[in-house]
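To start, the structure under review is shown below, and the notes come after it.
The values are calculated or read from the model by the stated rules, or taken from the named source; none is laboratory data. As the structure is a prediction and not an experimental result, all values here were calculated from the model. Here the Cβ is made from the backbone with ideal geometry for all residues, glycine too, and neighbour counts use every protein chain on show.
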């Protein structure tokens, strides 16, 4: 009997990438905590450093394969490579596809590790030429292209501003120049945004965030065409050793089953909270892609299909002391780094942050990065309201 191919994202989240356990008949995938596998003794060729068979867990392990297959089922990618962290996944793209003398165009608003790699390590150690641009401005990207441009790397929504770049237009620019387009879509998660459908060659996520979703495992992934992923795996996974552990692969794959449900809740709650913030007299500004007031809302609507993830950037009126009183008074919302967890997290970028000059002007007085969790919107709004009152802002 031919196996039915599921079309619903909810069904794919449950059944995509699942493998039958022929040893004991377990329905749930076991954790294969082994570093070595038996090598065939029938004389068949063995590729000691290959990623197509189980030889050594750094090259390939069963739990890694299950997770990769599940991510492909959810995103439509041909292939996937999973890594020990999101930063390892980023390096797994930048190192294989950039050589000395190449030029890269990078989103000016980007994750701190990406910023450091392209402002310091890659130029200084490998003489990679780099241009940082506001990638929400497609014409600025066009103007930055050079004959030796080999990679355009876009982060959208941008971390932490939530700026939205026109992926279709930038993909056309990249491919006309003979360059690859890589997209870090961590802020959106792989359900709210499908970069590969909009021309991206490589899609990157810190799985620590929405893909895992529970704040208990590090991981990163790269998705795209098999020919590109072969290079990513050979260099970054096999020879740089950035492979994800079997246990983390298992726990992240387990969390993927609820990803569509979680992203729907994150998005729904965040929109209600963003609307509350937009109405509040205590708020200086709020950026959330689902709000019509967001400067790239129309673009976000076209790219994200009505679910805008859970990330909000906003600021309150008042001085730095008031901002700290607000943070101290929060009860349900936790003052902590990272994002995409089941519980709401918030961090404050104060005026001393060295990143502020790279952000749009409205952000340069300081702002909050708010990762809205899975709590009820009314409870979160009540917590924000009482914290604003405790800070003397309402």
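Data table
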{"read-out": "Some residue of the range 65-82 being touching a strand residue (DSSP E or B) at 6+ places or on another chain (Cβ under 7 Å), closer than 16 Å to residue 244 by Cβ and assigned to a loop (DSSP other than H, G, I, E, B)", "value": "no"}
{"read-out": "Residue in the range 274-286 that is crowded, with 19+ Cβ neighbours inside 10 Å, in contact with a helix residue (DSSP H, G or I) (Cβ under 9 Å, 6 or more places away or on another chain) and part of a helix (DSSP H, G or I) present", "value": "yes"}
{"read-out": "Output for the range 169-195, where each listed residue is farther than 24 Å from residue 312 by Cα and either outside any loop (DSSP other than H, G, I, E, B) or without any contact (Cβ under 8 Å) to a residue 24 or more places away in the chain (or both)", "value": "169, 170, 171, 172, 173, 174, 175, 176, 180, 181"}
{"read-out": "Inter-residue pairs, beta-carbon under 6 Å, first under 16 Å from residue 320 (Cβ atoms) and in the range 341-355, second assigned to a loop (DSSP other than H, G, I, E, B), 6+ apart", "value": "346/333; 347/337; 349/366; 350/366; 351/366"}
{"read-out": "Test: residue in the range 111-129 that is under 28 Å from residue 208 (Cα atoms) and assigned to a loop (DSSP other than H, G, I, E, B)", "value": "yes"}
{"read-out": "Residue match in the range 204-216 (condition: buried (at least 20 other Cβ atoms within 10 Å of the Cβ), assigned to a loop (DSSP other than H, G, I, E, B), at pLDDT 95 or above and more than 14 Å from the chain's Cα centre (by Cα))", "value": "no"}
{"read-out": "Candidates 195, 147 - the one that is on the phi < 0 side of the Ramachandran plot and buried (at least 23 other Cβ atoms within 10 Å of the Cβ)", "value": "195"}
{"read-out": "Which listed residue, of 43, 17, 92, is without any contact (Cβ under 8 Å) to a residue 12 or more places away in the chain and either surrounded by 18 or more Cβ atoms within 10 Å (Cβ to Cβ) or not in a helix (DSSP H, G or I) (or both)", "value": "43"}
